[in-house]
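Here the structure is laid out as structure tokens; the discussion comes afterwards.
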Amino acid sequence: MVRLPYTTALTTLFSYGLLFAFGQLRDFFRKFVDWFKAKNVKGYAPICLGLEDFYVRRLYLRIQDCFGRPIASAPDSWFDVVERISNDNNKTLQRTSHTTRCLNLGSYNYLGFAAADEYCTPRAIESLKKYSASTCSVRVDGGTTKLHAELEELVARFVGKPAAILFGMGYVTNSAIIPCLIGKGGLIISDSLNHNSIVNGARGSGATVRVFQHNSPAHLEEVLREQIAGGQPRTHRPWKKIIVIVEGIYSMEGELCKLPEIIAVCKKYKAYTYLDEAHSIGAVGQSGRGVCELLGVDPADVDIMMGTFTKSFGSCGGYIAASKDIIQHLKHTCPAHLYATSMSPPAVQQVISAIKVILGEDGSNRGAQKLARIRENSNFFRSELKKMGFEVLGDNDSPVMPIMLYNPAKIPAFSRECLRQKVAVVTVAFPATPLLLARARICISASHTKEDLVTALDVISRVGDLVGIKYFPAEPPKIAEVGHNKLE
Amino acid sequence: MDMALPIVNATATVLARVSAAFNAPLARAVVFGVHIDGHLVVEGLLIAVIVFQLTRKSYKPPKKPLTEKEIDELCDDWKPEPLCPPIKEGARIDTPMLESAAGPHTIVDGKEVVNFASANYLGLIGNEKIIDSCVGSLEKYGVGSCGPRGFYGTIDVHLDCEAKIAKFLGTPDSILYSYGISTIFSVIPAFCKKGDIIVADEGVHWAVQNGLHLSRSTVVYFKHNDMASLASTLEKLTRGNKRAEKIRRYIVVESIYQNSGQIAPLDEIVRLKEKYRFRVILEESHSFGVLGKSGRGLAEHYGVPIEKIDIITAGMGNALATDGGFCTGSVRVVDHQRLSSSGYVFSASLPPYLASAAVSAVNYLEENPSVLSNLRSNIALLHKELSDTPGLEISSHVLSPIVFLKLKKSTGSPTTDLDLLETIAERVLKEDSVFIVTSKKSNLDRCKLPIGIRLFVSVGHTESDISALSKSLKGVSASVLSDYF
């Protein structure tokens, strides 16, 4: 977890207070100016009242150019970032035709399948010519092709479960599955830092939702005991069922989930477990099978495993893997299966080829090479950053590493300076993270070479000195660090 | 008499002494210049006792929290339900598997069939130009975009596609979503918050219902496609309600309803909206590229200026033969979604080859507006041929490319109805190689409209296809439904 030093907290709060005060001042003057130019939408309440979009108007728009940067090439390890200019002080941005070639430290390209790949792309093009870009139909009508059936079997085999079901978008997978599994009278216990799609799915289901402290099996046990003993709120009837939802790698923290302990707690109290492996499937584990393989958990112990194909497989879509009965039930009731257009066939073919490469079934050992490279790259990068004195979160072996910035002024400073030096990083602030804990998030890919990483480290170190984010003392270069594994 | 006198004397003395004792100090008491009489002391004591009793807490039995052992017992006793209910006997499990592109003719389970199950209205599946542009995109960008729009997932084809759609429809700007159904259920919660009022048609499909549920606003449903019911609902909600001025109010309708094939009368809705000051959210998934002289949708069909409709959303998985969705409206509407729409911010962006397919599809529509009249004549032909099907009747609008056939007389139970319709669909496929489907209902869907057989008409269907369908359907429905009439 993040330890926020007092002085940093004070300066960050002061900065936000100053921004807030300036924003209020400008709003005040804006009220005067607008009073003269009365708009003619009488009778309609405005889309955003008063303070609802204060953050967007007065804080976010100042640094708008750090987010949503368009690119003009594939999101590979080096890509072309399109330059944008603003004529009205960052309120609107226009594209220019000028591009800069930058090192990509922001895209979710863990295994390097993002750009055209020698094995995957020809097959994707072939399937495009055969099945066309879309089936224009839902899965249960005329949208199931042979590719979909093949991929479902392959995913089930890869993950280690009896059966699987596919969806065209990872976000919809969570939002549409959770209401099918649990409804009113059930309890969902989810980690406090779960993704928005899980929160939406939990709210849409109508079940009661409780939160446990991030990655803390002890607190989970406390919450379970309290809830089972207390029963439903007000009526105290026993709960119909309890589902505990956790993620494999938390994308804003870079941490791995404490899966063995959480599974043990859930088994003891007869709760069902739902594991969201959006960032970890294909990226961690000896053969890329995700957190279960890395932490030594039997996939049969997890009731439902969910994942997406966007990150490690370079495609789009999501899947759910579980027992045959559950998958059968979902095929009959899940709205995303019954009402949504089926996944695009070339995307399905891309995943099939990517999984075959990872498993080594394409006849080469590129998959094993990629997995080894991403592990080495992540561990090397993380240890070097720590040596330089940055505050880096996350566990070893995780390809996501956030670097803490804290201060709101450092966010655009870091982002813009890195871009000037041809390194593209992602900075995240409120509301994706807590207000005081802004960070820059680095995603390592298997397609980054050692030279790329050394260049990146160089640039980040220089920019870090300029901006002042080396919160920890740097290690003197003579002492070699013993990299110890944080996992049991 | 000698003894009585001393006793009387003694008693008198005692009495005198006692009364003196009572009276003496009190008679002589002067506290702070105030005389105090004896009764005041007694009254003071009484008041003190009353005040003391009032300030005592009332008796409550002490709370005993559960001991660890009791909690252990409760946890051991508790038995959860299974995660999924057991599969019903006889439930149909297999879906037909396609082995080629889902055009007007396709191969299902090894046989070539006429395909009326894909919403390929403009016949763009298999179009050469679109496939070429997709191949170019695949070679340049790969398949996925590997990131959300805010973090290097915005590729120039996305921006081109947004600009193209906005220009085609005549609106200032548009925003792309990465999946068809996620469009509407991300747009509605972005604009409607707790305390707002939404008036929605009762026949909207699941994605809209999910969006309404997630928005936590007050939702009032009106009768399906019934303008009188809409008018009276609007009247009821705004009459005498002073607060109604300050809260946001929306009407949510679909242009062509997936669940019934009806078309919403937009001119009437716009008139009502302006009268009662509501905003309109229009879901155009099945009418974009189909209705209107040049395919610009329901607004062009009714001749309503596009600025009057506040928010238009559509999925591109139908006429445009690609995937994803878009939303368009004024600049304020579109900009607001870039930061507060959860399906846009928290999800990876649309794969670039699908965005370039969308651009090519819109280009095709602009260059060949004659496909629309061909589509309309196909739909009219189908209506004519199926008008005398035994046991089934067409209940969709004459211009809707979704032709909805429902049972003339329902058997009374939805499961039996569904069973009959699915038997008809299976037999039509097996015996006559025509691929048709029934409408499916999830148990989470609260729409109560009747189910039926849905036929998706495409411009690529020839007259012989349509006559094959009508012959087969008439034959099979006559034999299956003969027991019920």
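The values are calculated or read from the model by the stated rules, or taken from the named source; none is laboratory data. The structure presented is a predicted model; accordingly, all values stated were derived computationally and were not measured. Every residue, glycine among them, receives a Cβ derived from its backbone with ideal geometry; neighbour counts consider all protein chains shown. Note: accessible area is taken over every heavy atom of the protein model, side chains too, but ligands, DNA and RNA are not part of it. Shrake-Rupley method; radii C 1.70, N 1.55, O 1.52, S 1.80 Å.
Quick notes
- Qualifying helices (runs of 4 or more DSSP H) (wholly inside region A:126-244; at least 2 residues being more than 7 Å from chain B (Cβ to nearest Cβ), of a type in the set (F, W, Y) and in contact with a strand residue (DSSP E or B) (Cβ under 7 Å, 6 or more places away or on another chain)): none
- Residue within region B:319-340 that is over 22 Å from the mean Cα position of the chain (by Cα), more than 14 Å from every other protein chain (Cβ to nearest Cβ), surrounded by fewer than 24 Cβ atoms within 10 Å (Cβ to Cβ) and part of a helix (DSSP H, G or I) present: no
The rows are residues; the columns are (1) over 18 Å from B:G324 (Cα atoms); (2) small (G, A, S); (3) at the interface with another protein chain (Cβ under 9 Å from one of its Cβ atoms).
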site: A:A322; (1), (2), (3): yes, yes, yes
site: A:I326; (1), (2), (3): yes, no, yes
site: A:H332; (1), (2), (3): yes, no, yes
site: A:V351; (1), (2), (3): yes, no, yes
site: A:I355; (1), (2), (3): yes, no, no
site: A:I358; (1), (2), (3): yes, no, no
site: A:E361; (1), (2), (3): yes, no, no
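- Cβ-Cβ distances below 6 Å connect the following pairs, each with a first residue in region A:286-309 that is of a type in the set (S, T, Y), a second residue that is assigned to a loop (DSSP other than H, G, I, E, B), and a separation of six or more residues or different chains: A:T308/A:A278.
- Within region B:341-375, considering residues that are more than 30 Å from B:G460 (Cβ to Cβ) and in a helix (DSSP H, G or I), the one least open to solvent (accessible area, probe 1.4 Å): B:G343
- Screening A:L294, A:L256 for residues that are touching a strand residue (DSSP E or B) at 6+ places or on another chain (Cβ under 9 Å), open to solvent by less than 10 Å² (accessible area, probe 1.4 Å) and away from every other protein chain (no Cβ under 12 Å) leaves exactly one candidate, A:L256.
- Region A:179-190, residues that are open to solvent by less than 10 Å² (accessible area, probe 1.4 Å) and either outside the structural domain of A:Y269 (by the TED database) or within 22 Å of A:M169 (Cβ to Cβ) (or both): A:L181, A:I182, A:I188
- When region A:86-98 is filtered for residues that are outside any loop (DSSP other than H, G, I, E, B) and open to solvent by less than 60 Å² (accessible area, probe 1.4 Å), only A:T96 remains.
- Region A:436-473, subset outside any helix (DSSP H, G or I), open to solvent by less than 10 Å² (accessible area, probe 1.4 Å) and not aliphatic (A, V, I, L, M), residue farthest from A:M252 (Cα to Cα): A:H448
- The requirement of being closer than 19 Å to A:V140 by Cβ and either more than 33 Å from the chain's Cα centre (by Cα) or touching a residue at least 60 places away in the same chain (Cβ under 8 Å) (or both) is not satisfied by B:I424.
- Condition check for A:A207: modelled with pLDDT of 90 or more, aliphatic (A, V, I, L, M) and open to solvent by 10 Å² or more (accessible area, probe 1.4 Å): yes
- Considering the conditions (1) out of contact with any Phe, Trp or Tyr (no Cβ under 8 Å at 6 or more places or on another chain); (2) open to solvent by 10 Å² or more (accessible area, probe 1.4 Å); (3) closer than 17 Å to A:V159 by Cα; (4) at the interface with chain B (Cβ under 10 Å from one of its Cβ atoms), A:D303 is excluded by exactly one of them, (1).
- Candidates are the residues of region A:53-73 that are within 16 Å of A:R26 (Cα to Cα) and within 8 Å of chain B (Cβ to nearest Cβ); the one that is least open to solvent (accessible area, probe 1.4 Å) is A:D53.
- Any hit, region B:271-288, residues being under 18 Å from the mean Cα position of the chain (by Cα), assigned to a loop (DSSP other than H, G, I, E, B) and among the hydrophobic types (A, V, I, L, M, F, W, C): no
- Condition met for A:G106 (under 28 Å from A:L436 (Cα atoms), crowded, with 16+ Cβ neighbours inside 10 Å and within 26 Å of the chain's Cα centre (by Cα)): yes
Matching residues to (1) under 14 Å from B:G325 (Cα atoms); (2) in contact (Cβ under 8 Å) with a residue 60 or more places away in the chain; (3) open to solvent by less than 20 Å² (accessible area, probe 1.4 Å):
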site	(1), (2), (3)
B:V143	no, yes, yes
B:T154	no, yes, yes
B:A166	yes, yes, yes
B:I175	yes, yes, yes
B:V187	yes, yes, yes
B:C192	no, no, yes
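- No other residue among B:L98, B:L159 is without any contact (Cβ under 8 Å) to a residue 24 or more places away in the chain and open to solvent by less than 30 Å² (accessible area, probe 1.4 Å) apart from B:L98.
- Boolean, B:L291 is over 19 Å from B:G180 (Cβ atoms) and aliphatic (A, V, I, L, M): no
- Here B:G144, B:G150, B:G123 are screened, and the one residue that is small (G, A, S) and either part of a helix (DSSP H, G or I) or more than 8 Å from chain A (Cβ to nearest Cβ) (or both) is B:G123.
- Cβ pairs under 7 Å, 6+ apart, first in region B:453-474 and of a type in the set (S, T, N, Q), second open to solvent by 10 Å² or more (accessible area, probe 1.4 Å) and not in a helix (DSSP H, G or I): B:S458/B:P104; B:S458/B:G123
- Filtered residue count, region A:153-208, keeping only those that are within 15 Å of the chain's Cα centre (by Cα) and closer than 18 Å to A:H332 by Cα: 3
- Failed item, numbered, when A:G285 is tested on (1) away from every other protein chain (no Cβ under 14 Å); (2) within 25 Å of A:A354 (Cβ to Cβ); (3) at pLDDT 90 or above: (3)
- In region B:211-229, the residues that are free of Cβ contacts under 8 Å to residues at least 12 places away in the same chain form Cβ pairs under 7 Å with partners that are surrounded by fewer than 16 Cβ atoms within 10 Å (Cβ to Cβ), at six or more places apart or across chains, as follows: B:S229/B:K223.
- Check on B:K246, open to solvent by 30 Å² or more (accessible area, probe 1.4 Å) and either touching a strand residue (DSSP E or B) at 6+ places or on another chain (Cβ under 8 Å) or modelled with pLDDT under 90 (or both): yes
- When region A:94-105 is limited to residues that are at pLDDT 90 or above and touching a Lys or Arg at 6+ places or on another chain (Cβ under 8 Å), the one that is nearest to the other protein chains (Cβ to nearest Cβ) turns out to be A:C102.
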